[in-house]
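The next block holds one structure in the form of structure tokens; read it before the comments.
The values are calculated or read from the model by the stated rules, or taken from the named source; none is laboratory data. Computed from a prediction, not measured in an experiment: that's the story for all the values here. Backbone-built Cβ (ideal geometry, glycine too); neighbour counts: all protein chains shown.
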Amino acid sequence: MRLENPFRTKKGSSAADASSGKETSGGSRRSKTTKPAPAKKENRIVRYFKEVRAELHKVAWPSRREATNLTAIVLAVTTVMSIGLGLVDWIFSQLFGFIIG
């Protein structure tokens, strides 16, 4: 169990204020302005999605035309590579069939 030091002053007050009897924000007198309620701690998942949304707003999205052109390039390269690899596979299978059989 930890005991509080009676000579320790609160944040924002000086030792002179404590010894002179002046009340600080921790005293029995209330100031006319009320402190706002502490902000509710945000859920980690909610914070994550808010940060994701903020990052997505920073992205430089391509136009529809750029996206279409890039998609066409990807499909063309994929088709050409699959035909090329299929051809190489067929050649090797014929070569090994000739050697083995």
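Restricting to the stretch 53-72, name every residue that is exposed (fewer than 10 other Cβ atoms within 10 Å of the Cβ) and either β-branched (Val, Ile, Thr) or in a helix (DSSP H, G or I) (or both).
As a first pass, look at the stretch 53-72 and keep what is exposed (fewer than 10 other Cβ atoms within 10 Å of the Cβ): 53-61, 63-65.
Matches in the stretch 53-72: Arg53, Ala54, Glu55, Leu56, His57, Lys58, Val59, Arg64, Arg65.
Any residue in the stretch 87-101 that is at pLDDT below 95 sitting within a Cβ distance under 7 Å of a residue that is not basic (Lys, Arg)? List the pairs, counting only those 6 or more apart or interchain.
none
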